[in-house]
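Below: the structure, in structure tokens.
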Amino acid sequence: MTPSRTQHSSPLPSSIITMATTTTTNITTATSATTAATTTEDEDSYIDYEAFLTPTFSPHSFANTLITSTNDLSDPSLDLTTPLSRVLFDLQEIDTHIHSLTTASALPLLDFTEKSNFASAAVLGAVETQVKALRSAYDRLQKDVAQRSRTAEEVLMVVERLHTVTAQLREIGRALVIARQIEVQISELTKDRDDGDFKALVRASQNIRELRVGKVLADVDEGVILVRDLKKHVFTPAETFVLAKAREAVLGFEPNPTTQITANGTGNGSAAFGANVGGRSVEVMKEKAGAGALALFLLSQDEGGLLTTAMQTLLNTAVNASLGALTRSLTALTTLDRSVAEVAARCQNLVALQTLLTSIPLPSDEDAAAAPEYTETTAGRRSLLDPLLEQLDTTNLQSMFFRSVATGLEPRVSQVVARGGSNARILRGAKERVRNSLRACVERGLGPVVQKSVDFEVAVMVGAAGSLGR
């Protein structure tokens, strides 16, 4: 045993160490003596021990060698007495040799065995003492650590489950608060009054958006009945109602009512924004449309997809109505001025809506629910109009409106001319009037709000009457 191992193992009694050392010395001495005696006797013996101990020794080859060396190969008779006697003599010699060694080394072997047994008993006693101490320590650890560990694991499981239940209850409580808020906000929206709190539309949309993106009820089990009832009877109907209200607010934005265009076409189609509606009504309509647009953006799963759909519907409605009015005027030129005023009024409504969307900053997930501010957007910050124009693939709404009207008007003019008759002759004869009316439609439709060249829109609309000839 080296000193380094003694420092890391349980110490044994010094008497056992001394006895083991003495025993090892006796074994070495006895082995050396036995080896010396064997070597001396081997030198005196005629037996070839090396032949018997070689790994390639074969009994058959050895027997064959003995027989051939003691018999004449030409003699047909075979005598096995001599080789058998030699083998028996060798066996007797080996037996005598073993007996001599045993007799000569009996006392050292007995003494060595006695001392080895004594040393082994001492070592075994010390080991048993150490094992008993280890077993006692293990039993104490089993009682003090293992049992407490099992109890701690049970407590930990209970705490984890309580934490899960607490978290779910907290989320359900938050959902109940939001559900109550949504109910109050919807009740404010259902009041039949023009000056209703349209900010509630934005707040309700923000709450619904919170639910949709997983900030509320994200970690609550779907099997909870209250959660299912909240989604079925509160959140889903509320989202449907808010979405309908928001679309209605955007699609109903009409500060220049086309129904008030006078029959003589002078109307107010060329008037400035809001001239046909009282100032208070315009502000209410503006607030309502702004809240609806922001609500549609917040309810969209992508960047303003619902707002884009509503605006596309609004554009399609305006284009179809304008095409219908202009088509009727192609065969009844007396209504041309009224149709032009109507188209101009629809374009003014789009210009006003575009201006409104430009004033509303683009919300982010971190923005709190608040009413839209109709002021100039912060420099460098995008407005609601930016993603809308990107998805519609246009630079502005009025340009898209006039391009669509011109695209639909051109084949209708061609049809009237192709049919011939008095309508075609009258239309050809009034081609300058038609072109001037279409030019005036663009100029009056864009109005003073858009301070830029209108040559492109004028060229598009006048080009729709190209089939009338020059």
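The values are calculated or read from the model by the stated rules, or taken from the named source; none is laboratory data. Keep in mind the model is a prediction, meaning the values are calculated, not measured. Every residue, glycine as well, gets a Cβ built from its backbone with ideal geometry; the counts of neighbours run over all protein chains shown. Surface accessibility is based on the protein's heavy atoms, side chains included, excluding ligands, DNA and RNA. Shrake-Rupley method; radii C 1.70, N 1.55, O 1.52, S 1.80 Å.
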Close pairs (6 angstrom Cβ cut-off, 6 or more residues apart or separate chains): closer than 11 Å to residue 285 by Cβ and charged (D, E, K, R) in the stretch 239-254, open to solvent by 10 Å² or more (accessible area, probe 1.4 Å) and in a helix (DSSP H, G or I) anywhere:
254/349
Qualifying residue in the stretch 82-91 (condition: surrounded by fewer than 10 Cβ atoms within 10 Å (Cβ to Cβ) and in a helix (DSSP H, G or I))
no
Which is without any contact (Cβ under 8 Å) to a residue 60 or more places away in the chain, open to solvent by less than 70 Å² (accessible area, probe 1.4 Å) and among the acidic types (Asp, Glu), of 210, 160?
210
From the list 121, 137, 126, which residue is assigned to a helix (DSSP H, G or I), touching a residue at least 60 places away in the same chain (Cβ under 8 Å) and farther than 30 Å from residue 48 by Cα?
126
Does at least one position in the stretch 216-230 carry a residue that is under 24 Å from residue 292 (Cα atoms) and not in a helix (DSSP H, G or I)?
yes
So residue 136 fits all but one of (1) open to solvent by 70 Å² or more (accessible area, probe 1.4 Å); (2) over 30 Å from residue 209 (Cβ atoms); what number is the exception?
(1)
Residue 151 - would you say it is modelled with pLDDT under 90, polar (S, T, N, Q), more than 30 Å from residue 47 (Cα to Cα) and in a helix (DSSP H, G or I)?
yes
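Please count how many residues of the stretch 306-341 are part of a helix (DSSP H, G or I) and touching a Leu at 6+ places or on another chain (Cβ under 9 Å).
Going through the stretch 306-341 one residue at a time, the tally reaches 22.
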Taking the stretch 213-229 as the region of interest, how many residues are modelled with pLDDT of 85 or more and open to solvent by less than 60 Å² (accessible area, probe 1.4 Å)?
0
Do you know which residues across the stretch 254-273 are touching a Gly at 6+ places or on another chain (Cβ under 8 Å) and modelled with pLDDT of 70 or more?
255, 256
Can you tell which of 341, 318, 325 is within 50 Å of the chain's Cα centre (by Cα) and either at pLDDT 90 or above or open to solvent by less than 10 Å² (accessible area, probe 1.4 Å) (or both)?
318
Test for residue 350: is it assigned to a helix (DSSP H, G or I) and in contact with a Leu (Cβ under 6 Å, 6 or more places away or on another chain)
yes
